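A.B. asks: Below is a structure I'd like to ask you about.
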Amino acid sequence: MKRSIIIKTSLLAMSVVFITITSCKKDYLDINENPNDPANVEIQQLLPAAEAAICHAVGNNLQIFGGLWGQYWTQSPSSSQYKTIEQYSPAANDFDRPWRILYSDALQDLKTIVDKASVENKPNYIAVAKILQAYTFQVLTDNWGDVPFTEALHAEDNILSPHYDSQETVYNGIFQLLSEADALIDETSDFAPSTDDMLLGGDMATWRAFGNTLKLRAYLRLAYVNPTLSQAGVTALASSGAVFLDAGQEVKLNYTSTGGNTNPLYSSIIDLSVIQNLVASSTGTDFMLNNNDPRVEIVYNGNATTGGAIIGIPQGNYELPAGTPVAYPGAAVGGYGEDAASATAPVRLMTGSESFFLQAEAVVRGWMPGDAKALYESGITESLAELGAEDTSANGYAQDSLVAFPATGTPEDQLKAIITQKWAALNGQEGTEGWTEWRRTGYPDFFTPSVTSTIGPGRWPLRLLYPTDELTRNANFPGQKDIWTPVWWDVH
């Protein structure tokens, strides 16, 4: 299978899709109703719009918070945009945009696709929409905790202030959505998405694999809070012969260098007059450099001030003198404003490398048959391939003694190795997922608190704040949570 299974879209098609999400300005969708009424829009137009909205939220706001709190990046000493994030004291209105994009754009469009495709008898479209609904609701609940689910998106029923559902309820809904999607997929049908599917080009076999891998991720997320359900779900997947994302398979959206169609993170840098707020965190750089990781010069960019060296600074230490030598996020992850290649960096929702690491964890836990060592090594190898990193290790980087799988270690030793390498693979790719896995497992175990934290010793950012819009507009808003309050599945 080809390494990239995402389709190439024309500049015109991309422009149509991104028409509602081209700006990073604060006033985006700052109104009570969705300005993009999908009622009379064809599902072939709604699908790429929904995919673009999800990738924009995940690749912009959530990528920034995940990149900082996942300790891949930190605030530059020469600027100030993200100081409050590094202080662990963001404002509620910092989260209005991603919440609205995910609910008012993505989920609203996906609901309409399900409704229209049901009438038009196009089950593959329903399946794709349900998988994306599951993905989006997991992003919402993992980052915010309890969220509207059962009453969400029912304005036509006069539900304008939806109640919040528990995370347990939302997760049960995610599993149901994915099971329904799997049952609907017909890989031989002519009635499937094609060029309107910017993520997978209508490849329904890969959509099935994506759904299975997403379900595996969701079940493993509950490994500590509900191990019985987690084990039963993973075991059932394995027993059913579920196929997961494999080498060369990536669920991602490619971008162009045309204004409005560029990588969302790069777009935010351009909107800030190309001020480089994000720089390399020493947590990320030191780990990669100490392990001779060939990805380090791809996910980070040495520059003139560092003499080309990859140098990070301690997390949150923006009070260093301006001009302190420090590397930047690399163009391959959309994070370097001075390099136009950042414009075309993809946003990845899930990859083959993550799939291998998920399977390795399931095997170590004894919930799935397989070779944990081989899966672990495949996860590392696939991550290098996804980034185009050259593996120059004598025996291959995945087998290097610095990162070798602890085959004779305890299961906990093996879990630590798997999650730590997954965190490295997610660097600049899925920042919020790297932060989320640290919250779930406690790995990597070498995070350092931000030196400018304002929330007190021993406290970490463990969730996003509910947005201001919910506080002011939803009569059933349950109340704000402290940022250091763990979400349901975070029992560490």
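A.B. asks: What number of residues in region 426-447 are closer than 23 Å to residue 61 by Cα and either β-branched (Val, Ile, Thr) or part of a helix (DSSP H, G or I) (or both)?
C.D. replies: 10
A.B. asks: Follow-up question, since we're still on this one. Scan region 171-219 for residues that are within 21 Å of residue 142 (Cβ to Cβ) and either among the aromatic types (Phe, Trp, Tyr) or not in a helix (DSSP H, G or I) (or both) and jot them down.
C.D. replies: Within region 171-219, 171, 175, 199, 210, 219 meet the criteria.
A.B. asks: Tell me, yes or no, whether region 322-343 has at least one residue that is β-branched (Val, Ile, Thr), over 17 Å from residue 222 (Cα atoms) and in contact with a Lys or Arg (Cβ under 7 Å, 6 or more places away or on another chain).
C.D. replies: No, region 322-343 contains no residue that is β-branched (Val, Ile, Thr), over 17 Å from residue 222 (Cα atoms) and in contact with a Lys or Arg (Cβ under 7 Å, 6 or more places away or on another chain).
A.B. asks: Exactly one of these conditions fails for residue 256: (1) over 18 Å from residue 78 (Cα atoms); (2) crowded, with 24+ Cβ neighbours inside 10 Å. Give me its number.
C.D. replies: It is condition (2) that residue 256 fails.
For every residue, the table says whether it meets (1) of a type in the set (S, T, N, Q); (2) over 30 Å from residue 288 (Cβ atoms).
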site: 42; (1), (2): no, yes
site: 50; (1), (2): no, yes
site: 75; (1), (2): yes, no
site: 82; (1), (2): no, no
site: 89; (1), (2): yes, no
site: 96; (1), (2): no, yes
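A.B. asks: Tell me which residues, restricted to region 98-151, are β-branched (Val, Ile, Thr) and under 20 Å from the mean Cα position of the chain (by Cα).
C.D. replies: Answer for region 98-151, where residues must be β-branched (Val, Ile, Thr) and under 20 Å from the mean Cα position of the chain (by Cα): 101, 128, 131, 136, 139, 141, 147.
A.B. asks: Pick out the one residue from 428, 442, 458 that is free of Cβ contacts under 8 Å to residues at least 24 places away in the same chain, at positive phi and of a type outside the set (A, V, I, L, M).
C.D. replies: The conditions single out 458.
A.B. asks: When you look at residue 275, is it part of a loop (DSSP other than H, G, I, E, B), under 21 Å from residue 65 (Cβ atoms) and out of contact with any Phe, Trp or Tyr (no Cβ under 8 Å at 6 or more places or on another chain), yes or no?
C.D. replies: Here the answer is yes, as residue 275 does meet what is asked.
A.B. asks: Would you confirm, using the coordinates I've provided, whether residue 267 is hydroxyl-bearing (Ser, Thr, Tyr) and buried (at least 23 other Cβ atoms within 10 Å of the Cβ)?
C.D. replies: For residue 267, the condition - hydroxyl-bearing (Ser, Thr, Tyr) and buried (at least 23 other Cβ atoms within 10 Å of the Cβ) - is met.
A.B. asks: Further question: For region 232-272, give me the residue count where each residue is under 19 Å from residue 55 (Cα atoms), assigned to a loop (DSSP other than H, G, I, E, B) and among the aromatic types (Phe, Trp, Tyr).
C.D. replies: Residues in region 232-272 being under 19 Å from residue 55 (Cα atoms), assigned to a loop (DSSP other than H, G, I, E, B) and among the aromatic types (Phe, Trp, Tyr): 1 in total.
A.B. asks: Right, next: Looking for something in a loop (DSSP other than H, G, I, E, B) and either of a type in the set (A, V, I, L, M, F, W, C) or in contact with a Lys or Arg (Cβ under 9 Å, 6 or more places away or on another chain) (or both) - is there at least one such residue anywhere in region 294-304?
C.D. replies: Looking for residues that are in a loop (DSSP other than H, G, I, E, B) and either of a type in the set (A, V, I, L, M, F, W, C) or in contact with a Lys or Arg (Cβ under 9 Å, 6 or more places away or on another chain) (or both), one finds none in region 294-304, hence no.
A.B. asks: What number of residues within region 359-405 satisfy the criterion of being touching a strand residue (DSSP E or B) at 6+ places or on another chain (Cβ under 7 Å) and either at pLDDT below 95 or farther than 25 Å from residue 215 by Cα (or both)?
C.D. replies: Residues that pass the stated criteria total 0.
A.B. asks: Would you be able to tell me the number of residues in region 324-358 that are of a type in the set (Asp, Glu) and crowded, with 24+ Cβ neighbours inside 10 Å?
C.D. replies: The total comes to 1.
A.B. asks: Taking residue 76, is it closer than 19 Å to residue 272 by Cα, in contact (Cβ under 8 Å) with a residue 60 or more places away in the chain and surrounded by 21 or more Cβ atoms within 10 Å (Cβ to Cβ)?
C.D. replies: Here the answer is yes, as residue 76 does meet what is asked.
A.B. asks: Still on this structure, please answer the following. Go through region 397-425 residue by residue and tally those that are under 27 Å from the mean Cα position of the chain (by Cα) and either polar (S, T, N, Q) or in a loop (DSSP other than H, G, I, E, B) (or both).
C.D. replies: 6
A.B. asks: Scan region 406-428 residue by residue and report those that are touching a strand residue (DSSP E or B) at 6+ places or on another chain (Cβ under 9 Å) and either modelled with pLDDT under 95 or among the small types (Gly, Ala, Ser) (or both).
C.D. replies: If the condition is that a residue be touching a strand residue (DSSP E or B) at 6+ places or on another chain (Cβ under 9 Å) and either modelled with pLDDT under 95 or among the small types (Gly, Ala, Ser) (or both), then 425, 428 are the ones that fit.
Table: residues versus (1) closer than 30 Å to residue 341 by Cβ; (2) crowded, with 16+ Cβ neighbours inside 10 Å; (3) among the hydrophobic types (A, V, I, L, M, F, W, C); (4) touching a Cys at 6+ places or on another chain (Cβ under 6 Å).
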site	(1), (2), (3), (4)
368	no, yes, yes, no
386	yes, yes, no, no
414	no, yes, no, no
421	yes, yes, no, no
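A.B. asks: Say whether the condition of being within 25 Å of residue 247 (Cα to Cα), under 17 Å from the mean Cα position of the chain (by Cα) and at pLDDT 95 or above is met by at least one residue in region 185-197.
C.D. replies: No, region 185-197 contains no residue that is within 25 Å of residue 247 (Cα to Cα), under 17 Å from the mean Cα position of the chain (by Cα) and at pLDDT 95 or above.
A.B. asks: Scan (1) without any contact (Cβ under 8 Å) to a residue 12 or more places away in the chain; (2) buried (at least 22 other Cβ atoms within 10 Å of the Cβ); (3) of a type in the set (A, V, I, L, M) for the single condition residue 214 breaks and write down its number.
C.D. replies: Result: residue 214 fails condition (1) only.
The values are calculated or read from the model by the stated rules, or taken from the named source; none is laboratory data. Worth saying up front: this structure is predicted, and the values here are computed from it rather than measured. Reconstructed Cβ throughout: ideal geometry from the backbone, glycine too, with neighbour counts over all protein chains shown.
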